[in-house]
Amino acid sequence: MVVRGVPLVLTGCACLRTQNDSPKLRKDMYMAAKDPSPAGMGSLSLARLGSPELLGADGFKLKSAAFEDGEALDPCFTADEEDAVAPPLEWNDPPSGAMELALVVEDPDVQGGEPACHWLVWGLAPQQGQLLEGEVPPKVGKNAQANSEWLLPRLPDGERHSFMFQLFALDAPLDVAPGATRDALLDAMEGHVIGSALLTATYEKADDDEEGDWGDVDIEDIDWDGN
């Protein structure tokens, strides 16, 4: 992937790395994101609450033992298998001053221009930590189906979607009750994000006789302004 002639790579631990990680490059990334595609990218929580400077701040990273950044979700984390659960996640220490961590997982490839919310999690301790496979988090909000749980990806045969695991470090604890909506949670987080980490995955329900064609999520598609 190239941003104005500069190669850019999303690593497996969700930290931005480039051959020239300079303020000018981050500004170029910001400008390149002004024309988001697909449309759902422009409404991601990361676009609304974050900025290029906050992404990976102080080395803040999110990763999973179940998949590398940009790779496929195993069917055991989707509606294609019985007894499916949420994937495991782990992160390192957040930026100094963090009081709470919150996680938002969204699919920007759904129809309608708004991403589908698959998981809203908050109340996570502001330190290095993890969510085990299938673990119930401290506080969970309503997903796109109005259920307070991991929304299992469910796709037609041959259709591929991207899933954006967005972890936010906040400078104040959230006064939000479990079962809150995405909008209510994001409203409470507004102005309190001091760092963010991004982990991406894809999923395609392949035909029985062929494999899916996996690909990477393009960070140029994120509209950092949320416009």
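The values are calculated or read from the model by the stated rules, or taken from the named source; none is laboratory data. If you're wondering where the values come from, they're calculated on a predicted model, not measured in any experiment. Cβ coordinates were reconstructed from backbone atoms using ideal geometry, including for glycine residues, and neighbour counts include every protein chain displayed.
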| Is one or more of the residues making up segment 185-194 part of a strand (DSSP E or B) and closer than 28 Å to Asp80 by Cβ? | no
| query | Within segment 120-128, can one find any residue that is in a strand (DSSP E or B), touching a helix residue (DSSP H, G or I) at 6+ places or on another chain (Cβ under 9 Å) and surrounded by 17 or more Cβ atoms within 10 Å (Cβ to Cβ)? | reply | yes
| request: Check whether at least one residue in segment 60-71 is farther than 23 Å from Thr202 by Cβ, touching a residue at least 24 places away in the same chain (Cβ under 8 Å), in a loop (DSSP other than H, G, I, E, B) and over 14 Å from the mean Cα position of the chain (by Cα), and report yes or no. | output: no
| said: Can you tell me which of (1) at pLDDT below 95; (2) in contact with a Ser or Thr (Cβ under 8 Å, 6 or more places away or on another chain) is the one Glu71 doesn't meet? | reply: (1)
| Does Trp150 satisfy being of a type in the set (A, V, I, L, M, F, W, C) and not in a strand (DSSP E or B)? | yes
| note | Of the residues in segment 129-144, those that are over 19 Å from Ala79 (Cα atoms), crowded, with 16+ Cβ neighbours inside 10 Å and not charged (D, E, K, R) come to Leu131, Pro137, Val140, Gly141
| task | Please state which one of Leu124, Leu101 is in contact with an Asp or Glu (Cβ under 7 Å, 6 or more places away or on another chain) and closer than 16 Å to Val193 by Cβ. | result | Leu124
| query | How about segment 95-110: which of its residues are in a loop (DSSP other than H, G, I, E, B) and within 16 Å of the chain's Cα centre (by Cα)? | reply | Pro108, Asp109, Val110
| said: As an exercise: evaluate Glu81 against (1) free of Cβ contacts under 8 Å to residues at least 60 places away in the same chain; (2) under 26 Å from Gln145 (Cβ atoms); (3) not in a loop (DSSP other than H, G, I, E, B) and give the number of the one condition it does not meet. | reply: (3)
| Single unsatisfied condition, Ala86 versus (1) part of a loop (DSSP other than H, G, I, E, B); (2) free of Cβ contacts under 8 Å to residues at least 60 places away in the same chain | (2)
| query | What number of residues within segment 154-176 are assigned to a loop (DSSP other than H, G, I, E, B), at pLDDT below 95 and either crowded, with 16+ Cβ neighbours inside 10 Å or of a type in the set (Val, Ile, Thr) (or both)? | reply | 1
| query | Does Glu114 satisfy the criteria of being in contact with a helix residue (DSSP H, G or I) (Cβ under 6 Å, 6 or more places away or on another chain), surrounded by fewer than 19 Cβ atoms within 10 Å (Cβ to Cβ), of a type in the set (Asp, Glu) and closer than 19 Å to Leu44 by Cβ? | reply | yes
| List pairs: first in segment 138-151 and in contact (Cβ under 8 Å) with a residue 24 or more places away in the chain and closer than 17 Å to Pro108 by Cα, second of a type in the set (Phe, Trp, Tyr) and surrounded by 20 or more Cβ atoms within 10 Å (Cβ to Cβ), Cβ under 7 Å, 6+ apart or cross-chain? | Asn143/Trp119; Trp150/Trp119; Leu151/Trp119
